[in-house]
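Step one of this worksheet: look at the structure below.
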Amino acid sequence: MLLQARPTSLFRKDLGIGLGCKEPNEGAIPSAKEAKPWLCRNEGTFSSRWERVPAITSLKVTHFLMTFELLKLEILCRQDIEENEEVLVPKYHISSAKHTMPSRNLLVLYGSTRGSSLKAAEDFVSRCKEELSAERIEDLTGEGDVQVTCDGPLSLDAFLEDPNWTSNVIVFVSSFGSGDAPMKGRKFRKKCDEWIKSFQDNPDKPKPLTGIEVSLCGLGDSSYETYMNNPKVTCQALTLLGAEMLGERGEADATNGSERQAKDIQDWVNSIFPLLAKSVSKEPRVTKEQLNEAREFVLDSTN
């Protein structure tokens with residue numbers, strides 16, 4: 001016999017969480033609508049996916065909500081259930097279950113002289129936990145069985161020393177002076193110029209970054225003739241190496257002040273998170289072997 005554990009609307013750590021158990025309709029695992037996901041003060045929901053686990057007196061579950069700390073809750077099941085029975089409980093929140101969500105890793109890079117690109121990268125990383133949580137991804141795509149981690153921010157020049165590519169790369173980079181690279185991005189720009197020269201007239205040359213998706217936001221000042229020169233060169237080099245751009249290249253203009261530029265960055269980031277959610281919810285288009293080959297390509301080209 002299969003029992004379904006249904007949470008109540010009570011969310012009080014000090015009082016515990018009460019559950020009722022009942023047979024699901026026709027013995028099927030309930031859908032999102034049938035299960036009526038657990039609402040916590042109208043903020044966030046439990047996943048609509050459920051897991052079959054052995055019926056025991058209590059199950060340890062965890063759940064993260066945007067405005068709450070990670071809580072360890074105890075679900076109490078009916079005392080009269082048999083030892084060989086099973087219960088249905090929310091899939092993502094069972095520490096004792098043998099389910100491990102597949103992971104996706106993002107890499108955030110920056111090139112900055114005055115700190116604007118670095119701050120943009122730091123702000124992006126700080127938002128990833130919320131914007132790319134399993135629950136948020138499921139809300140946006142209907143597929144939430146994935147855990148996203150974020151590496152960085154790392155300067156473009158530091159990345160050349162240990163180029164561990166991921167399937168999704170986010171770059172914040174500015175132009176400096178007459179369209180040159182900013183500090184901590186000058187070595188990378190030099191490599192971009194070399195890659196463009198090597199690959200531009202060789203369309204049949206193997207492309208080491210095939211399968212990698214890059215999202216790039218450029219920062220600059222449109223009062224200069226070389227506005228966005230460095231971000232454009234960076235995009236050109238990465239795409240010639242086989243990377244695919246995810247979303248439009250962002251342009252954050254400082255001509256009308258830092259506040260306007262910050263808004264441009266924010267608007268771009270807001271447009272990218274849904275695209276990233278859709279991307280990470282699918283199987284990566286690049287294998288670990290290909291990522292290792294991309295790493296070796298960069299290391300070889302810098303020696």
Query raised in the report: When the Debye formula is applied to the Cα atoms of segment 211-277, each taken as the same point scatterer, what base-10 log of I(q)/I(0) results at q = 0.12, 0.26 Å⁻¹?
Result: -0.33, -1.10
Query raised in the report: Counting only protein heavy atoms and using a 1.4 Å probe, what share of the accessible area of segment 160-210 belongs to carbon plus sulfur, as a whole percent?
Result: 50 percent
Report task. Estimate the FRET efficiency between residue 130 and residue 205 by the formula 1/(1 + (r/R0)^6), using the beta-carbon distance for r and 30 Å for R0, to the nearest 0.05. Result -> 0.15
Query raised in the report: Label points 7 Å out from Cα along the Cβ direction at residue 260 and residue 248: separation in nm?
Result: 1.7 nm
Report summary line: With +1 on the Cβ of every Lys and Arg and -1 on the Cβ of every Asp and Glu, the dipole magnitude of segment 228-303 about its Cα centre, in debye rounded to the nearest 20, is 160 debye
Report task. Mind listing the long-range amide H neighbours of residue 219? Cut-off is under 5 Å, sequence gap 5 or more, other chains count too, H placed in the peptide plane at 1.01 Å from N. Result -> 173, 174, 175, 252
Report summary line: Loop-resident chymotrypsin sites (Phe, Trp or Tyr not before Pro) in segment 217-303 with no more than 16 other Cβ atoms inside 10 Å, DSSP not H/G/I/E/B, are 224
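Would you mind getting the accessible area per residue of segment 115-260, heavy atoms of the protein chains only, 1.4 Å probe, in Å²?
Values: 6900 Å² over 146 residues.
Accessible area per residue, segment 115-260: 47 Å².
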Report task. Go through segment 259-270 residue by residue and turn each phi into a ³J(HN,Hα) via Karplus (6.51, -1.76, 1.60, θ = phi - 60°); whole Hz please, and just put x for glycine and proline. Result -> 5, 5, 5, 4, 5, 4, 5, 4, 4, 5, 4, 4
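With the cut-off at 1.5 for a/c, could you classify segment 175-303 from its C-alpha gyration tensor as rounded, prolate or oblate? Could the numbers behind the result be given before it?
Working: a/c = 2.43, a/b = 1.29, b/c = 1.88.
Oblate.
The values are calculated or read from the model by the stated rules, or taken from the named source; none is laboratory data. Just so you know, these numbers come straight off a predicted model, no measurement behind them. With ideal geometry, Cβ positions are generated from the backbone for all residues, glycine too; neighbour counts draw on all protein chains shown. Ligands, DNA and RNA are excluded from the accessible area calculation, which covers all protein heavy atoms including side chains. Shrake-Rupley method; radii C 1.70, N 1.55, O 1.52, S 1.80 Å.
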